[in-house]
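The values are calculated or read from the model by the stated rules, or taken from the named source; none is laboratory data. Keep in mind that this is a model prediction, so the values were computed, not measured. All Cβ positions, glycine included, derive from the backbone under ideal geometry; neighbour counts span all protein chains shown. When the accessible area is computed, the model is the full protein with side chains, heavy atoms only, and any ligands, DNA or RNA have been set aside. Shrake-Rupley method; radii C 1.70, N 1.55, O 1.52, S 1.80 Å.
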Amino acid sequence: MKTSPETHVPLTGYAALPEDEMRVRALAFHARMATRRSVRAFSDTPIPQDIIEACVRAAGTAPSGANHQPWHFACVGSPEKKREIRLAAEAEEREFYAGRAGTEWLDALAPIGTDAEKPYMEIAPWLICIFAQRRGGVREGEDRKNYYIHESVGIATGLLIAACHEAGLATLVHTPNPMKFLNAVCGRPDTEKPFLILVAGHPAENTTVPKHALIKKPLGEISSFL
Ligand code: IYR
């Protein structure tokens, strides 16, 4: 490692915690995240923009290839734009459910009960359209190649989902396929690839979730300690 006082500063934010406190915090975070559900029925109750901004700031702390932060979060709250996105997404979803998906994929989705109708895309107060930037750099206006864009944007999206959950917002990851239409609706350049849409808001009253979604793989299945 090459470090010098010109290029590096002391690490902050890692005051060592007693092990008991580490354990309590780690378990509490798991307990909190274990209450997250993907929600498919939203209320139209408005959510102030500054709350979404704070969640996006948290997403923007994610690690990324060469720290280029190759993401853009287009936060759509305008009813007209939400409608445009809903109509374009539903057109793709109709093709998907009519056969483009193939039977194996449709069988996998059957327990969730989804179909091509996406009314929540207009009802929910926010559609956070996430783009991966193929070019950029650390500073505004740079036009350098970005690296590991999908890994970086995936990590940032995970932080965004956790931040929304912590703020009491329900979310849904939505990925109409293809979703190139998002560039036009959100005014994003062709060098950006639509990554996914995160629907955010309060859940509708009496919302249900599929039992299928409650099955979480146990630790022994998702991990090994070597
Ligand atoms: N994008 C479609 C289909 C869909 C695909 C997967 I993989 C899911 O986990 C859920 C849905 C839709 O939103 O209906």
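Note on the stretch 102-112: residues that are near the ligand (Cβ under 7 Å from one of its atoms) and either outside any helix (DSSP H, G or I) or under 21 Å from P79 (Cβ atoms) (or both) amount to 1. Residues that are without any contact (Cβ under 8 Å) to a residue 24 or more places away in the chain and on the phi > 0 side of the Ramachandran plot occur at least once in the stretch 9-31. Selection of the stretch 70-98 for residues being open to solvent by 40 Å² or more (accessible area, probe 1.4 Å) and either in a strand (DSSP E or B) or within 16 Å of the ligand (Cβ to nearest atom) (or both) yields H72, C75, R86, L87, A91, E92, R94, E95, Y97, A98.
Among the residues making up the stretch 113-134, those that are hydrophobic (A, V, I, L, M, F, W, C) and either within 16 Å of the ligand (Cβ to nearest atom) or assigned to a loop (DSSP other than H, G, I, E, B) (or both) are A116, M121, I123, A124, L127, I128, C129, I130. Within the stretch 135-183, the set of residues being touching a residue at least 40 places away in the same chain (Cβ under 8 Å), out of contact with any Lys or Arg (no Cβ under 7 Å at 6 or more places or on another chain) and assigned to a loop (DSSP other than H, G, I, E, B) comprises V138, Y147, Y148, A167, L169, P176, N177, P178, M179.
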